[in-house]
Amino acid sequence: MDTSMETQPTQAGEKPSLIRGLTLLDSVLLLVSGIIGSSIFLTAKDIAGPLPSPVLFLLVWVLGAVISLFACFAFAELGSMFPDSGGQYIYLREAYGDLPAFLYGWMLFSVANGGSIAALAVASAAYMGGIVPFISQEHVIFAAAGINFTRAHLVGLILIVILTYVNVVGLRWGALLQNLSTWTKFTAMAAFVGLGFAIGKGNWSHFSAPTVGGLTLGLTPTQLISTLGVGLIAVFWAYDGWVYITWVAGEVKNPRRNVPLAMVLGILAVAAIYIAMNMTYVYAMPLTEIAQHDTIAHAAAARLFSPGAAVWLSGMIALSCFSAAATCTLSGARVYMAMAQHGIFFKKMAEVHPKWRTPAFSLIGQGVWAAVLTVSGRYDQLYTYVIFGMVLSYTLTVIALFVLRWKRPDIPRPYRCSGYPWLPGFYVLIGTVWTLNTIITRPTEAIAGMGIILIGVPGYLYWKWSGRKNIAVE
């Protein structure tokens, strides 16, 4: 990583800009770190329940990676066309205009990314409580309006401050913190898998299909598709996060090559890690037992090694959550900066710090709001409201590939979407069905989520009006 310019002040009258300091390796680590948070340690129950055999249980993770790659191929072409910070916000703006792009960015700031930082920071602190009891969520500092503010929440606030500060003072430091935590997380997960199969008290018979009355449980093609579809709901969210690399494209070296490549390599790396972790779970216990444990990693560690192993598992999960929070912090601020530069968000957030060459005010604003959500204690509930909006945004972005092929055929495309139009078209079909299913099965959350998104409309109108007013004055 070339960091020679990061602390070099700009010349008088020269407008400071971001530094392209992220290598391909930095980009892959950022993407992988952003995807792997806490879900791999928790979601196995939701997937094992509807799936009747270990083969299908593992196959659904492969399918999740393949379908995610279909979207990545589309995003990769868009990233090669617009290699600037803001990523998905930029793609939506180019295809549909300011308002849809703003509502996407508003959703990220208000709930999706801000809530993720809060949730991951508190989760990291809570799992640290398994090692350091003083931090435990059982220790309530104060309670008001049904909200219990615990020591874990306090430590979560401290982590948000640390992550924000490190990223404000330079891309180099933010990337180093992220890379260090990610490599440490990889090492811990590799040890869990390696030792689990080498010395763990598991059994290979768990990989055999279950039987009912002595007969192997079978499924018709229709039942198979339905069953895999149910399992994919949880798997897709476990793979969510690969879009982060597009948000920081303006700081990636040779972005037209490295952003698309990082997305593909990152998804493949995550798929390998997820499959290895889930194979370890199956080795530890049969699917019927996996379906009974909310915290499968702890249960598997206790079965493979001893009940005492749950302590170091808590440390691994805490580290994983912290690493993911670091990625959210570094990446999200670049979206708000792009919005502000287009005149549809807080003006101060458009500025790049002249010495540190980072979107310092955007990072600070993001950190302050994440802290507010942490204190409110409502971040998890709010996030469930915008789940369908996030899926919808991915689907609309893949559709944007088709729109821009027609609308902007003149823009250079160093990478062209693999399998176009069939693979992105298939993803659009899946995303549309998934979004409609969410609206039908969870109407309350969908309506609340739409309300949160539409709350941003008055803000958009204000910033547009303010921008026109400033132009008129000038």
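Over the chain, average the accessible area per residue using a 1.4 Å probe and give it in Å², no decimals.
Details: 19500 Å² over 474 residues.
It amounts to 41 Å² per residue over the chain.
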About its Cα centre, the chain carries a charge dipole, from +1 on Lys and Arg Cβ atoms and -1 on Asp and Glu Cβ atoms, whose size in debye to the nearest 20 is 700
Bounding extents of the range 354-474 in its principal axis frame from Cα atoms, largest first in Å, are 44, 43, 33
Kirkwood-based Rg/Rh on the Cα set of the range 250-314 evaluates to 1.23
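Net charge within 14 Å of Cys321 by Cβ-Cβ distance, Lys/Arg positive one each and Asp/Glu negative one each, not counting Cys321 itself? The partial results should precede the final answer.
Values: positive: Lys185; negative: Asp380.
Around Cys321, the surrounding residues sum to 0.
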Among the range 360-389, those whose backbone N falls under 13 Å of a label point 7 Å along Cα→Cβ from Arg442 are 380-389
Once phi for every residue in the range 148-154 is put through the Karplus expression 6.51 cos²θ - 1.76 cosθ + 1.60 (θ = phi - 60°), the whole-Hz ³J(HN,Hα) values, with Gly and Pro written as x, are 9, 8, 9, 5, 5, 5, 5
Rounded to the nearest 0.05, FRET efficiency between Ala272 and Ile199 (Cβ-Cβ, R0 30 Å) equals 0.85
Under the Karplus relation with 6.51, -1.76 and 1.60 and θ = phi - 60°, whole-Hz ³J(HN,Hα) for the range 57-64, x at Gly and Pro, equal 4, 7, 4, 5, 6, 5, 4, x
Contact order relative to length for the chain, counting C-alpha pairs under 8 Å separated by 6 or more residues, stands in percent at 33
From most to least accessible, 1.4 Å probe, no ligand or DNA/RNA atoms counted, Asp26, Asp84, Asp98 line up as Asp84, Asp98, Asp26
Carbon and sulfur atoms account, in whole percent of the 1.4 Å probe accessible area of the chain, for 68
The range 273-357: relative contact order from alpha carbon pairs under 8 Å, six or more residues apart, as a whole percent, is 14
With every protein chain kept in place and a 1.4 Å probe, the residues Met349, Met450 fall, from largest accessible area down, as Met450, Met349
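Just need the Rg to Rh number for the chain, please, alpha carbons only, Kirkwood Rh.
0.97
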With only helices counted (DSSP H, runs n ≥ 4, each -39500 (n - 2.57)), the per-residue ellipticity at 222 nm for the chain, to the nearest 500, works out to -22500 deg cm²/dmol
In order over the range 261-276: 3J(HN,Hα) from phi, Karplus 6.51/-1.76/1.60, θ = phi - 60°, whole Hz, x for each Gly or Pro, gives 5, 5, 5, 5, 5, x, 4, 5, 5, 5, 4, 4, 5, 4, 5, 5
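Go ahead and run the numbers for FRET between Ile141 and Phe346, Cβ-Cβ distance against an R0 of 35 Å, rounding to 0.05. Show your work: numbers first, answer last.
Details: r = 31 Å, r/R0 = 0.88.
Step by step, r from the Cβ atoms, then E = 0.70.
Apply 1/(1 + (r/R0)^6) to the Cβ-Cβ distance of Leu24 and Leu63, taking R0 = 22 Å, and write down the FRET efficiency to the nearest 0.05. Intermediate results must be reported in sequence, preceding the final value.
Working: r = 27 Å, r/R0 = 1.22.
For R0 = 22 Å, the calculated efficiency reads 0.25.
The values are calculated or read from the model by the stated rules, or taken from the named source; none is laboratory data. No experiment lies behind these values; they were computed from the predicted model shown. Every residue, glycine as well, gets a Cβ built from its backbone with ideal geometry; the counts of neighbours run over all protein chains shown. Remember, those area values only see protein heavy atoms, side chains included, never the ligands or the DNA or RNA. Shrake-Rupley method; radii C 1.70, N 1.55, O 1.52, S 1.80 Å.
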